[in-house]
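Worksheet for the structure shown next.
The values are calculated or read from the model by the stated rules, or taken from the named source; none is laboratory data. Owing to the predicted nature of the structure, the values given are computational and were not obtained by experimental measurement. Counting neighbours? That spans all protein chains shown, and the Cβs are built from the backbone with ideal geometry, glycine included. Please note that ligands, DNA and RNA were not included when accessible areas were found on the heavy atoms of the full protein model with its side chains. Shrake-Rupley method; radii C 1.70, N 1.55, O 1.52, S 1.80 Å.
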Amino acid sequence: DLSDLFPGYTFDGKESYYRGELTGEGGYVYAEPGYYENVVCLDVVSMHPSSILALDLFGPYTEKFNELMQMRIQAKKDGNDDLSYALKLIINSIYGYTSARFPNMFRDNRNKDNIVAKRGALFMIDLKHLVQEKGFDVVHIKTDSIKIPGATIELIDYICEVGKNYGYVFEEE
């Protein structure tokens, strides 16, 4: 249950709310329009697959899913774009099936509100507030990335540590 990890989160069967915001049912999007300089973009590596791992969504088969994810990350690092892309298609297809409205081997009947994407969205809302509480502006969030003008090394390290607590690894774009 996501409300255990994110106290105050509610889902009424149609809409989700957290920290006074309508979260939507997919990735979280936030923007502060304007012109900004020295913007740092931090991106979560494989956010949805990382959420699947953290949720142990496939029980004894979650480790097999992790192996696919690790192979993709390694292929991407090695510059093997074709293999990386092929694995990404497989991983994204599996993720899509987790919230499909029809019975399938990856769907969990407890998943009423796309908990894979929702977990990432709720984390990004918390992260936005944490960064703002540190005195920095958050100018954009799109699903798995956050953009912060003037982010310091200390802030970046802090964000990376917070991410690790949720099973997320950040990379700077």
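Brief remarks on what is shown
- Pro103 meets each of the listed conditions (1) of a type outside the set (Lys, Arg); (2) crowded, with 17+ Cβ neighbours inside 10 Å; (3) free of Cβ contacts under 8 Å to residues at least 60 places away in the same chain apart from (2).
- Residues being in contact with a strand residue (DSSP E or B) (Cβ under 8 Å, 6 or more places away or on another chain) and open to solvent by 60 Å² or more (accessible area, probe 1.4 Å) are entirely absent from segment 72-92.
- Checking every residue in segment 40-47 against the condition of being under 12 Å from the mean Cα position of the chain (by Cα) and part of a helix (DSSP H, G or I) gives at least one match.
- Just one residue in the set Asp108, Asp137 is farther than 29 Å from Lys77 by Cα, in contact with a strand residue (DSSP E or B) (Cβ under 8 Å, 6 or more places away or on another chain) and surrounded by fewer than 17 Cβ atoms within 10 Å (Cβ to Cβ); that residue is Asp137.
- Flag for Glu37 being in contact with a Pro (Cβ under 7 Å, 6 or more places away or on another chain), over 13 Å from Ile141 (Cα atoms), open to solvent by 50 Å² or more (accessible area, probe 1.4 Å) and not in a strand (DSSP E or B): yes
- Listing of strands (runs of 3 or more DSSP E) fully contained in segment 59-173 that carry 1 or more residues being closer than 14 Å to Ser46 by Cβ and among the aromatic types (Phe, Trp, Tyr): 170-172
- Residue satisfying all of: in segment 72-87; in contact with a helix residue (DSSP H, G or I) (Cβ under 6 Å, 6 or more places away or on another chain) and free of Cβ contacts under 8 Å to residues at least 24 places away in the same chain; nearest to Pro49 (Cα to Cα) among these: Leu87
- Here Thr23 meets each of (1) in contact with a Ser or Thr (Cβ under 8 Å, 6 or more places away or on another chain); (2) on the phi > 0 side of the Ramachandran plot with one exception, condition (2).
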